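Report on the structure given below.
Only the coordinates and a few stated rules stand behind these numbers; no lab work does. Quick caveat, the model's predicted, so the values are computed rather than measured. For neighbour counting, all protein chains shown are included, and Cβ atoms are generated from backbone atoms with ideal geometry for every residue, glycine included.
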Amino acid sequence: MNWKEAYTKIFLKEQGKSANEVSIKEFMPLWWKNTRDKGQGGLRLTEAGFDVINEIDLATYDVPYPKDMPLTTQVIIFLDKFIDCPYYIGPRSIVVTNEKKAVELSLFSGDLRKYGLTKAMSRTTEKG
């Protein structure tokens, strides 16, 4: 199932717009950073997508990250893989739409790099 497509339909319906195929194709690239069809992850929102979730009053959780934490490409790839709800990366925090994910990130004091490394290591341990 393409989660971005499903979320896009929900967002359109909540805005009172038609959720037909044409609308979905129009709004997906506006709301999602990555429009590729992935089975899991890849739910990073653009600024326009973030505005939409605020407009429809979707519950969000703001998790500040350390000021000295670099937001590297590797960190963004980790987030793309391991965050399974729509999220937005702001200049000082990450905003997620899932309470459990917000708690997980908070346990790492918002350090997205440590969170991603820990998730990657636990996944490697499970497979090996």
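Things to note:
- One Cα centroid belongs to segment 51-71, the other to segment 4-25; the line between them spans 22 Å.
- Segment 3-120 - share of DSSP beta bridges that are antiparallel (%, nearest 5): 90 percent
- Crossing angle, helix 112-127 versus the chain [Cα axis fit, 0-90 degrees, rounded to tens]: 80 degrees
- With the simple spin-label model, which puts each label point 7 Å out from Cα in the Cβ direction, the K100 to K81 separation comes to 2.0 nm.
- Per residue, the average separation of C-alpha pairs within less than 8 Å and at least 6 apart gives segment 3-120 a relative contact order of 24 percent.
- Descending principal axes extents, segment 3-120, alpha-carbon based, whole Å: 42, 26, 22
- Candidate cross-link partners of K4 among the lysines, defined by an alpha-carbon separation under 21 Å and a same-chain spacing of 8 or more, comprise K13, K17, K25, K33, K38, K81, K100, K101.
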